[in-house]
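Data block below; observations after.
The values are calculated or read from the model by the stated rules, or taken from the named source; none is laboratory data. Model, not experiment: these values are computed from the prediction. Cβ atoms come from the backbone with ideal geometry, glycine included; neighbour counts cover every protein chain shown. Surface accessibility is based on the protein's heavy atoms, side chains included, excluding ligands, DNA and RNA. Shrake-Rupley method; radii C 1.70, N 1.55, O 1.52, S 1.80 Å.
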Amino acid sequence: MVSDVHGNARDLARAGEGADALICLGDLVLFLDYADHSRGIFPDLFGVENADRIVELRTARRFEEARELGARLWAGVGEHRAEVIEQAVRKQYAEMFAAFPTPTYATYGNVDMPPLWQEYAGPGTTVLDGERVEIGGLVFGFVGGGLRTPMRTPYEISDEEYAAKIEAVGEVDVLCTHIPPEVPELVYDTVARRFERGSRALLDAIRRTRPRYALFGHVHQPLVRRMRIGATECVNVGHFAGSGKPWALEW
């Protein structure tokens with residue numbers, strides 16, 4: 001089980017060793033590495049100094065200034081912005097999807113570009129979003145993407161659309177999402193020093209349907225990595241880009 005791969009193809013290629021299946025909870029793309037500002041699409045295009053500055057502004061929650069800086073930089077790219085981004089994402093996706101073992105079950109993160117996934121997902125990779133699948137006798141439900149934020153990442157959707165996907169999954173043994181339920185200890189990032197967006201609909205579903213596990217990522221350095229909500233063990237399966245280590249679910 002991995003989440004928040006963010007360009008770490010080397011470790012991803014080994015993540016499924018010894019496992020019956022690999023589950024990936026999204027964020028394959030690396031736009032900007034907050035730990036190493038020289039890595040990602042943003043510094044490749046605009047340089048490390050600009051990456052340093054935009055991280056500084058976002059960390060200080062000065063989102064409007066960060067957007068203004070981004071707008072000035074992207075203006076230099078001109079009308080080809082979408083093409084430039086897509087080309088860079090495609091390069092990363094080719095590497096990431098080639099590293100997936102068979103079988104892999106995956107859903108999108110908030111920085112992913114879902115329309116491109118079907119082009120790169122081979123026959124051994126099953127992409128699910130608002131859907132269920134049986135793995136080893138347990139029913140797994142998958143809900144991808146994130147909720148809308150000032151960061152305006154590529155796959156952010158409305159609370160209503162997200163809740164509808166949670167509802168479509170229904171009762172499962174293992175509920176797999178990119179973002180966590182809306183619990184302060186699970187959504188606070190201790191390094192970024194901010195609360196990320198969690199889902200109230202997901203929290204309500206956990207309390208109502210009582211899955212064995214609720215697994216997620218998104219928050220890279222959470223205040224708490226796991227906690228119980230009623231009968232459900234909630235686990236942040238880790239910032240794989242930073243750790244390179246998968247989380248194992250055994251039953």
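Using Stokes-Einstein with the Kirkwood hydrodynamic radius over Cα pairs, what translational diffusion coefficient do you get for the stretch 46-147 at 20 °C and a viscosity of 1.002 mPa s, in µm²/s rounded to a whole number?
131 µm²/s
Order LYS91, LYS165 by their accessible area, 1.4 angstrom probe, all chains in place, largest first.
Result, largest first: LYS91, LYS165.
Please turn the phi angles of the stretch 221-228 into ³J(HN,Hα) values with the Karplus equation 6.51 cos²θ - 1.76 cosθ + 1.60 (θ = phi - 60°), one per residue in order, whole Hz, x for glycine and proline.
Computed from phi, the couplings for the stretch 221-228 are 10, x, 4, 10, 8, 8, 6, 9 Hz.
For the stretch 165-242, state the average projected area of the convex hull of the C-alpha atoms over all orientations, rounded to one decimal in nm².
Spelled out: convex hull of the Cα atoms, projected over all directions, averaged, 4.6 nm².
Looking at the calculated P(r) for the chain, what percent of the C-alpha pair distances fall above 31 Å?
Distances greater than 31 Å cover 21 percent of the Cα pairs.
Under 5 Å between amide hydrogens, which residues at least 5 positions from ALA214 or on another chain qualify, with H placed 1.01 Å from N in the peptide plane?
The answer is LEU175, GLU233, CYS234, VAL235.
Got the relative contact order for the chain handy, in percent, Cα pairs under 8 Å and 6 or more residues apart?
RCO, the chain: 21 percent.
Could you state how much accessible area TRP247 has, in square angstrom rounded to the nearest 10, with a 1.4 Å probe and all protein chains kept in place?
50 Å²
What does the convex hull of the alpha-carbon atoms of the stretch 137-203 project to on average, in nm²?
Its Cα hull, projected and averaged over all orientations, spans 5.1 nm².
Any chance you could get the radius of gyration and Dmax over the Cα atoms of the stretch 24-68, in Å?
Computed over the Cα atoms of the stretch 24-68, radius of gyration and Dmax are 11.1, 33 Å.
Taking only Cα atoms, what is the 0 to 90° angle, nearest 10, from helix 48-59's long axis to the longest principal axis of the chain?
Approximately 50 degrees, to the nearest 10.
Short version: ³J(HN,Hα) in whole Hz for each residue of the stretch 110-115, in order, from phi by Karplus 6.51 cos²θ - 1.76 cosθ + 1.60 (θ = phi - 60°), x for Gly and Pro, what are they?
After applying 6.51 cos²θ - 1.76 cosθ + 1.60, I find 6, 9, 7, 10, x, x Hz.
Can you list residues from other chains, or at least 5 along the same chain, whose modelled amide H is less than 5 Å from the amide H of CYS24?
Result for CYS24 returns VAL2, TYR105, ALA106, THR107.
Just want the answer: with Cβ charges of +1 for Lys and Arg and -1 for Asp and Glu, which residue in HIS178, ASN236, THR125 is farthest toward the dipole's positive end in the chain?
With unit charges placed on the Cβ atoms, the residue in question is ASN236.
Is it possible to state the helix-based mean residue ellipticity at 222 nm for the chain, with each DSSP H run of 4+ residues giving -39500 (n - 2.57), the sum divided by total residues, to the nearest 500 deg cm²/dmol? What is it?
-10000 deg cm²/dmol
In debye, nearest 20, what is the charge dipole magnitude of the chain about its Cα centre with +1 on Lys and Arg Cβ and -1 on Asp and Glu Cβ, if you could check?
Charge dipole of the chain: 560 debye, to the nearest 20.
In the stretch 127-251, what % of DSSP beta bridges are antiparallel (nearest 5)?
If I count the DSSP bridges inside the stretch 127-251, around 45 percent turn out antiparallel.
From largest to smallest, what semi-axes in whole angstrom does the stretch 47-95 give when each is the square root of 5 times an eigenvalue of its alpha carbon gyration tensor?
23, 14, 9
Using only the alpha-carbon atoms, how far is helix 159-169 inclined from the longest principal axis of the chain? Give it as 0 to 90 degrees, nearest 10.
Long axis of 159-169 versus the principal axis of the chain: about 30 degrees.
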